[in-house]
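To start, the structure under review is shown below, and the notes come after it.
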Amino acid sequence: MVVAVAPLWMGAAGLSEAAVRDVVIADVSTRAFSVIWVSDQPVTDTTVRVYADGNGSSDLTPELTVEVTSALIPSAHDLGIVKVDVWGLQASTTYFVETETDGLVYPASGPLLEVTTAAAATAANLDGTPIANDLLIHDLLAPDGGAPANGALLVLKVPSLSQYPLTAFVADGVAAPGTVVDLSNLVSDATGTNAQVTGGTVIEISEYRGLLCTNLDDQKLVRLRRAPDHEETPAISEAEVPSTCFAPGGTAADFNCDGAVNPVDFNEFLIKFGLSNNGAVPDCRFNPDFDLAPDGQIDPVDFNEFLIVFGTTE
């Protein structure tokens, strides 16, 4: 089968060899998966190769359909953010993957990336009730907290259910600065089929912002949320915003989303204390979840808000 690759953005010549990070396999189904990553420079040429074996000796790529979907997203490659989709796979099959970005192969050594496709697609749970997961909408802003982060990528994971996250670009299928993912596409590690995500399940939201950040070590912003409850009976799929974690008195200080504001949250707060987003150059270490009295800085005012609810549990 012909390999289909989307047109690539052509950047400036003469760039040094790229370095990549935050490489993740995502969006796994019975017949497809995607690979996402971030480069330390704008991307001009990229792809993935898929193998039947961990040694990389049996190349399946010519038999598959490979599309660099990030090339179709304005600004994504400018930010060094890449998403490549692979189709034409077999269900319940393990594949091995390497990426290439402007001449750099990843992994350069050691084991290849590994992914196992879903066993089957299903619209019902084992008890016959329909899977009615929501579409989740999350706004993804630039590091200054103001403008939409055009070209940035949402990576949404449900750690208790699946090792493989779901992904979406800003303004792809929804107005900016929104991103939208369909939880019905989540595959359960336990069953290999579509997972039911119940209300209250912890969700890990990672925002890939790439070269919007001056230090690429800080490009990924991680925030914890919960799946919203279904208010209707029987449950139906709707477009919803993820729920905050435990928030006594409206103060969302349960940063690790374990149902208690405790020393673990205190330690996380201390790590962020003193960070500000009010400078001329936004600090990508700043996480607005810790700015409990929103003013663009994590300071004693926020600490006082935290102390008021410290020790409370659900």
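Below are the figures for this structure:
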read-out	value
Partners for K83 among lysines (Cα-Cα distance below 21 Å; same-chain residues under 8 apart left out)	K157, K220
GNM top mover of S70, S276, S58 - the chain, alpha-carbon springs below 10 Å	S58
More than 22 angstrom apart: percent of Cα pairs within the stretch 207-314	40 percent
The chain, relative contact order in percent, only Cα pairs under 8 angstrom and at least six apart counted	14 percent
Label point distance in nm, L104-V241, each placed 7 Å from Cα along Cα→Cβ	3.7 nm
Surrounding net charge for I308, when Lys and Arg each add one and Asp and Glu each subtract one, Cβ distance under 14 Å	-4
Convex hull volume per residue for the stretch 131-243, taking Cα atoms only, in Å³	100 Å³
Cα-based radius of gyration of the chain once divided by 2.2 N^0.38 Å, which approximates compact folds	1.04
Table column - 3J(HN,Hα) (Hz), the stretch 191-204, Karplus curve with 6.51, -1.76, 1.60, x for Gly and Pro	10, x, 10, 4, 9, 8, 9, 7, x, x, 5, 6, 10, 9
Measure of compaction for the stretch 20-116 (Cα Rg per 2.2 N^0.38 Å)	1.01
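Laboratory data are not the source of any read-out in this text; all were calculated from the coordinates shown. Keep in mind it's a predicted model, so treat the numbers as computed, not measured. Neighbour counts are summed over all protein chains in view; Cβ atoms, including those assigned to glycine, are modelled from backbone coordinates with ideal geometry.
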